[in-house]
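Structure, as structure tokens:
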Amino acid sequence: MQTPLKFVNQTIDDFAMQVTYRPGAHEGRLVYNLSLVKNEDLEFAIGTLRDAYKTGVAASGLVKFLSSGERIEDFVVPKNQTAICTVCSITFDGLLIRHGIPINPIGGGIVEIENRTPIRFIHMILYEYTTIDPLQVLNSQRLTSVTNVMRRGNGTILANIREFHMEAEPLVGTVLDELADSSFIGILEVGVPNLPLLGVPVSPQFTAIAAVGGTNPMAAIKESGRWVQTNAMKGLMDVSEMSEIRDY
């Protein structure tokens, strides 16, 4: 019997249902991305991660580094490479679900930024029509200018968007309040009921929220001409295993 295709919206639902992260208590499991860089580029990568967090183009300041030969789940870090685990913005979807808020993941894309303000999505891949993470695909096409956004406040970054029923707005506000004192800074923009957000239409009686893509720092590393390989939504990790990038 052939295994049916699994589209990204289904993968998001699977991971989001397993998120137990509690921002206030700094405990529980969250979704992480796994990226690989060459050992000689590690210091540059750390500096980029730190700058991305400071300038708000990273989903979170939490990271974990693994050296060559170390194992995480079923993956062993290759020789002469370092693995970097970063928080995936799908963790936010998990927080919403944990608070009893049904969500509809819409898609991932590229957002135009002017004067550090999000203007609109200029590219979008809908989750229900792809089996590969949209941000991973778009990052491979070199469509971002994350470095320019970090330095000058203008350019393009990776982002994603989801929608929730407008009656859940007070509960969503509670989640956003919980995140205010955490290192999760990935909320890009919150919409209003029935109106498009950053050019993306929403379902009737629904409100959209856009979040910063967790792989933006890796896009910035790639923009420098350095080699980096990213696997989005690699798995789940306890937040206690991660450290703040500002401590490096």
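Only one residue in Gly225, Gly153, Gly235 is over 24 Å from Met17 (Cβ atoms) and in the same structural domain as Arg22 (by TED's automatic domain parsing). Which one?
Every option except Gly225 fails the conditions.
Please go through segment 83-100 and pick out each residue that is surrounded by fewer than 24 Cβ atoms within 10 Å (Cβ to Cβ) and of a type in the set (D, E, K, R).
Matches in segment 83-100: Arg98 only.
Could you pull out the residue among Asn139, Asn115, Asn148, Asn104 that is without any contact (Cβ under 8 Å) to a residue 12 or more places away in the chain and not basic (Lys, Arg)?
That would be Asn148, the only listed residue that is without any contact (Cβ under 8 Å) to a residue 12 or more places away in the chain and not basic (Lys, Arg).
What is the one condition in (1) surrounded by 13 or more Cβ atoms within 10 Å (Cβ to Cβ); (2) over 13 Å from Ile161 (Cα atoms); (3) not acidic (Asp, Glu) that Arg71 does not satisfy?
Going through the list (1) surrounded by 13 or more Cβ atoms within 10 Å (Cβ to Cβ); (2) over 13 Å from Ile161 (Cα atoms); (3) not acidic (Asp, Glu), Arg71 breaks only (1).
Glu178 - would you say it is among the acidic types (Asp, Glu), in the same structural domain as Gly109 (by TED's automatic domain parsing) and within 25 Å of Ala25 (Cα to Cα)?
yes
Can you tell me how many residues in segment 201-222 are assigned to a helix (DSSP H, G or I) and without any contact (Cβ under 8 Å) to a residue 60 or more places away in the chain?
0
Identify, from the list Asp51, Asp93, the residue that is modelled with pLDDT of 95 or more, out of contact with any strand residue (DSSP E or B) (no Cβ under 8 Å at 6 or more places or on another chain) and in a helix (DSSP H, G or I). Walk me through it before giving the result.
Values: Asp93 fails: out of contact with any strand residue (DSSP E or B) (no Cβ under 8 Å at 6 or more places or on another chain).
The conditions single out Asp51.
Go through Arg29, Arg50 for me and flag whichever is closer than 16 Å to Phe184 by Cβ, outside the structural domain of Thr144 (by TED's automatic domain parsing), among the charged types (D, E, K, R) and surrounded by 14 or more Cβ atoms within 10 Å (Cβ to Cβ).
The conditions single out Arg29.
Which one of these does Ser182 not meet: (1) modelled with pLDDT under 95; (2) assigned to a helix (DSSP H, G or I); (3) out of contact with any helix residue (DSSP H, G or I) (no Cβ under 8 Å at 6 or more places or on another chain)?
Tallying (1) modelled with pLDDT under 95; (2) assigned to a helix (DSSP H, G or I); (3) out of contact with any helix residue (DSSP H, G or I) (no Cβ under 8 Å at 6 or more places or on another chain), Ser182 fails exactly one: (2).
Contact list please: Cβ distance under 7 Å, first residue in segment 231-248 and surrounded by 21 or more Cβ atoms within 10 Å (Cβ to Cβ) and modelled with pLDDT of 95 or more, second residue part of a strand (DSSP E or B) and of a type in the set (Phe, Trp, Tyr), pairs at least six apart or on different chains.
Matching pairs, first to second residue: Met237/Tyr32.
Going by the conditions given, is Lys6 part of a loop (DSSP other than H, G, I, E, B), under 28 Å from His165 (Cβ atoms) and either among the basic types (Lys, Arg) or in contact with a Phe, Trp or Tyr (Cβ under 8 Å, 6 or more places away or on another chain) (or both)?
Judged against the criteria, Lys6 is a match.
Restricting to helices (runs of 4 or more DSSP H) lying wholly in segment 124-179: which have 3 or more residues that are surrounded by fewer than 15 Cβ atoms within 10 Å (Cβ to Cβ)?
169-179
The values are calculated or read from the model by the stated rules, or taken from the named source; none is laboratory data. Fair warning: this is a prediction, and the values are worked out from it, not measured in the lab. For neighbour counting, all protein chains shown are included, and Cβ atoms are generated from backbone atoms with ideal geometry for every residue, glycine included.
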